[in-house]
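See below for the structure under consideration.
The values are calculated or read from the model by the stated rules, or taken from the named source; none is laboratory data. The shown structure was predicted, so the numbers you read here are calculated from the model rather than taken from an experiment. Using ideal geometry, Cβ is built from the backbone for each residue, glycine included, and neighbour counts are taken over all protein chains shown.
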Amino acid sequence: MLLKLNEEKAPMKIVFLLSEELKNDPERVALTQALTLNTLKPKMGLKGSHGLFASQEWWNSIKQGKMPLKYISGVITSAYIAGQDPSKFNNTIDIVLNNGSIESVGIYVNNDDDVSLFKVGHKACIVYALDEMKAQPDFDGSVNYSQTALEMAVSLEPCK
């Protein structure tokens, strides 16, 4: 577990684990790995610096701290539907971070029923793997990363 939920003041529920999602979507793993290995597409896909996506080497790179990770947590200020695809459920939240800024974050769940837990006043935590893309650098000259959600949790009660 990458999220340190025992340090939170409110009880938290893990609602998303990428490892669980990938068990039900082996094609995603195969397609992502194939694109990484495809030398005919030198600007598309992941670089594979920390192993092929979802391989044992990739997971070990995460556990050993070799792959950069991005942690975001804060109190939910709104939950809504974003994007052009039709949805019956909220798929995005805005959270206020410790520094007072607001960040929009996608909602990730393994069980659709857990979407209802994302309520204003509750806390959300997410950790992303930052996996280098083949195409470098990013538009601003920095390292171009794919941001892959690994874990997401939400508080079971409002934050005080």
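A residue that is touching a Gly at 6+ places or on another chain (Cβ under 6 Å), part of a loop (DSSP other than H, G, I, E, B) and either surrounded by 20 or more Cβ atoms within 10 Å (Cβ to Cβ) or touching a residue at least 24 places away in the same chain (Cβ under 8 Å) (or both) occurs somewhere in segment 131-139. Among the residues of segment 15-51, just one is among the hydrophobic types (A, V, I, L, M, F, W, C) and either at pLDDT below 95 or touching a Ser or Thr at 6+ places or on another chain (Cβ under 6 Å) (or both), namely Leu46. Starting from segment 80-96, keep only residues that are free of Cβ contacts under 8 Å to residues at least 12 places away in the same chain and of a type outside the set (A, V, I, L, M, F, W, C), then list their pairs with residues that are in a loop (DSSP other than H, G, I, E, B) and surrounded by fewer than 14 Cβ atoms within 10 Å (Cβ to Cβ) whose Cβ atoms are within a distance under 7 Å, requiring at least 6 positions of separation or different chains. Within 7 Å, the pairs are Ser87/Ile81.
A count restricted to segment 121-130 and to residues that are under 17 Å from Ile72 (Cβ atoms) and surrounded by fewer than 20 Cβ atoms within 10 Å (Cβ to Cβ) stands at 1. Per the conditions (1) more than 21 Å from Thr36 (Cα to Cα); (2) part of a strand (DSSP E or B), the sole criterion not satisfied by Tyr128 is (1). Listed conditions (1) farther than 20 Å from Leu17 by Cβ; (2) in contact (Cβ under 8 Å) with a residue 40 or more places away in the chain are all met by Asn99, apart from (2).
The requirement of being charged (D, E, K, R), part of a loop (DSSP other than H, G, I, E, B) and modelled with pLDDT of 95 or more is satisfied by Lys119.
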